Amino acid sequence: MNSRLITLALGTFAIGIDAFVTAGLVAPVAADLHVSTSAAGQLVTVFALSYAVLSPVLATVTARLSRKHVLLAALSLFVLGNVVTALAGSFALVLASRVIAAAGASMYTPNATAVAAALSPPERRGRAISVVIGGLTVATALGVPIGSWIGGALNWRATLWMVVALGVIAFLGVAKVVPIVRLPAPTSLRERLIPLRDKTIATGVLHTVLLFGGQFVVYTYLGSVLLHATGGSPGRFALLLWIYGLMAVVGSTLSGRFVDRLGSRRILPVAVGGAAVVLAFAPVAGHSLLTAAIWAAAFGLPGWTWAVAQQHRLMELAPQGSPLLLGLNASAQYLGIALGGAIGGIGLQTWGAGSLGWIGVVLALGALALLTVSLHGSRPQTRSATAGIAAPLKSPA
């Protein structure tokens, strides 16, 4: 496999652990910093909201730079943020450090995906994207369970040091093997939001917010949702996260191949509808370890299958503006994660863990409605939707 793609995926692997492992660290963070479970869950919200807001702003600031230099700057910020988190002695400082880490992550992931696509022939772009997204899915399969176990059995700060080490390795890899790549991009924030004037693109991106919101209402507080099944055991919970992550890898990998063969329009509705069905079973998932394992396996498939298909479709809608649309989609994903963490915290405090699945269903059905509108809309006018950025790609050696 292409060493450049593997290197880019290593960065998303580190970011994936940092973004998703909080679900497994909510309890130890709450205990160590003397805050409630719902408050600790807001670490996910702060990270995700910062990512969503900073992604278009930082993309505008770095528009004239080569993508390689942007990737290196992103990983530097990401590592710095996690070092501060690991050393922080107060909950307020931990929250502030999540903003720094999110700034780096918001610069890295969309640029890594866009660079992977730019370095690949058109007929293999679906698979190239799946490799980079695979870094996130492998993080859920291996990194998150391991990080959760470390956080529960040893210390949650040790998990952050693991993330720091991975970020440093990714930095060195990008510096060595990723070439200088310049991609067309707008130089003002206003230009970056122009695509959202088109209904097809706007509804296509906005359904991302609701889908991720529905998923993360449950995922952020997964320890509470599956508490009866795990009995509070870090080992059992790590096992369930591993099952979830393994199926996420399967979904992401197969989606790349299916998208190249069938097209993203056929994959997306199935994935979003499947997510709604799985969320509907969340209230009964924790009855036993067996039912939790079966549900965790199902939970891992649709969302990650969707991720590859969605990014492929956005590149089809506006090929010359794909870095811009991928950045907007990444912001939408993390805005959804923030929404899920906030609403989930309210639901957990007000109605208990059993309510979270049904809240997720409502959001996922809303996502399906918006996706349907987008798929049945007319193809956007590429020139107007991506005005000012339809320049040829340049990849000087």
Query raised in the report: Using alpha-carbon pairs under 8 Å, 6+ residues apart, how would you state the relative contact order of segment 145-282 in percent?
Result: 30
Requested in this report: Compute the acute angle (0 to 90°) between the alpha-carbon long axis of helix 3-20 and the principal axis of greatest extent of the alpha-carbon atoms of the chain; round to the nearest 10°.
Outcome: 40
Requested in this report: Name the residue farthest towards the positive end of the dipole of the chain from the options Gly41, Leu328, His228, assuming +1 on Cβ of Lys and Arg, -1 on Cβ of Asp and Glu, about the Cα centre.
Outcome: Leu328
Query raised in the report: At 222 nm, what helix-only mean residue ellipticity would the chain give, in deg cm²/dmol to the nearest 500, using -39500 (n - 2.57) for each DSSP H run of four or more?
Result: -26500 deg cm²/dmol
Report summary line: Between the Cα axis of helix 322-350 and the main Cα principal axis of the chain, the angle (0 to 90°, nearest 10) is 20
Query raised in the report: Full extension from Val168 to Arg257: what is 0.36 nm times the residue separation minus their Cα-Cα distance, to one decimal in nm?
Result: 28.9 nm
Query raised in the report: Under a point spin-label approximation (7 Å from Cα along Cα-to-Cβ), what is the Phe281-Leu154 distance to one decimal in nm?
Result: 3.5
Requested in this report: Can you run the Rg to Rh ratio on the chain? Use alpha carbon positions and the Kirkwood inverse-distance Rh.
Outcome: 0.95
Requested in this report: Evaluate Rg over Rh across segment 68-135, taking Cα atoms for both radii and Kirkwood's formula for Rh.
Outcome: 1.15
Report task. Please tell me the relative contact order of the chain in percent, rounded to the nearest whole number, where contacts are Cα pairs under 8 Å and at least six residues apart. Result -> 28
Query raised in the report: How far is helix 144-153 tilted off the main Cα axis of the chain, in degrees rounded to 10, range 0 to 90?
Result: 30
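Throughout, read-outs are computed from the coordinates displayed, never taken from laboratory work. Everything numeric here is computed off the predicted structure, so don't read it as measured data. Positions of Cβ are backbone-derived with ideal geometry, glycine not excepted, and every protein chain shown enters the neighbour counts.
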